[in-house]
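The values are calculated or read from the model by the stated rules, or taken from the named source; none is laboratory data. None of the values given here were measured: they were computed from a predicted structure. Neighbour counts run over all protein chains shown; Cβ positions are idealised from the backbone, glycine included. These area figures cover heavy atoms from the full protein model, side chains too; ligands, DNA and RNA do not enter into them. Shrake-Rupley method; radii C 1.70, N 1.55, O 1.52, S 1.80 Å.
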Amino acid sequence: MSERILAVDTTHEFGSLALLCGPDTVEEVLLHAPDGFGQILFGRIGQLLERHAWKAGDVDCFASASGPGSFTGVRIGLACVKGLAEATEKPVVAVSNLAALATFGSAALRATVLDARRGAVYGAVYDAHGALVRTEVVVPFAAWLDTLPAGEVEFISTDLSPFAATLASTRFAGAPVTTAPRALAAAIGRMACQRLRSGHAEDPAAIDANYVRMADAELFWKES
């Protein structure tokens, strides 16, 4: 029987849940929680498991988006899967949202983009095998474009429209743009399946958040 995986993404206002058997998606659910996921997450997970007659103990591996994104959202998702994994004595995989976005591309070089607000983006470049070509950063979009490698680059984002005008004024005008779905949990689950099969799933205590930048409170403390 294929591995059963529960994947969670609560890193942005639109999050998602997914159940997978191996790399195959059983069900993926888009969540919208403008006020945060803390009050709804476990209830929605319970409903999803019940629809497919699964129990938490039936899950072989728990997966979560590790960021970047909302600091509170990142923590909620990771704490959820850590708690479930510890209670069931199962492993965990934490997956970068930017890496998950890259799985929706088809080019040799895939530049993944998430809106970090304040005119900045979370960005990274991956190759077709999911290996990092340019490390994950948070910078103004135009400045990030200057750091990208030469050659054809495919841009992948859930919504690149806020940055389309800037892109059109650079050497990347006309570059392919792929719009990924808001729901990333199934992609995260597929990556978790690969890592589980290759022996790279982790103990719940070992996973950590991928904030890319410090929280506002930490920045304020360092600047004061």
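Numbers at a glance
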| quantity | calculated |
| --- | --- |
| Subset tally (residues that are closer than 16 Å to Ser2 by Cα and under 17 Å from the mean Cα position of the chain (by Cα)) for region 22-62 | 4 |
| Cross-chain or 6+ apart pairs with Cβ under 7 Å, region 57-69 first and buried (at least 24 other Cβ atoms within 10 Å of the Cβ), then among the aromatic types (Phe, Trp, Tyr) | Gly67/Tyr211; Pro68/Tyr122; Pro68/Tyr211 |
| Subset of region 196-205 [of a type in the set (A, V, I, L, M, F, W, C) and within 18 Å of the chain's Cα centre (by Cα)] | Leu196, Ala201 |
| Qualifying positions in region 1-29 - exposed (fewer than 15 other Cβ atoms within 10 Å of the Cβ) and in contact with a strand residue (DSSP E or B) (Cβ under 7 Å, 6 or more places away or on another chain) | Ser2, Glu27 |
| Meets criteria (within 19 Å of the chain's Cα centre (by Cα) and at pLDDT 95 or above) for Leu145 | no |
| Strands (runs of 3 or more DSSP E) enclosed by region 82-148 - at least 3 residues per element that are surrounded by 19 or more Cβ atoms within 10 Å (Cβ to Cβ) | 92-95, 109-117, 120-127 |
| Whichever residue in region 155-192 is open to solvent by less than 20 Å² (accessible area, probe 1.4 Å) and β-branched (Val, Ile, Thr) and, among such residues, is nearest to Pro68 (Cα to Cα) | Ile188 |
| Residue count for region 169-195, restricted to those that are on the phi < 0 side of the Ramachandran plot and part of a loop (DSSP other than H, G, I, E, B) | 12 |
| Pair list, Cβ < 6 Å and 6+ apart or interchain, from region 145-169 residues that are within 16 Å of Ala99 (Cα to Cα) to residues that are open to solvent by 80 Å² or more (accessible area, probe 1.4 Å) | Thr158/Arg182 |
| One residue from Gly69, Gly57 being assigned to a loop (DSSP other than H, G, I, E, B) and either in contact with a helix residue (DSSP H, G or I) (Cβ under 9 Å, 6 or more places away or on another chain) or on the phi > 0 side of the Ramachandran plot (or both) | Gly69 |
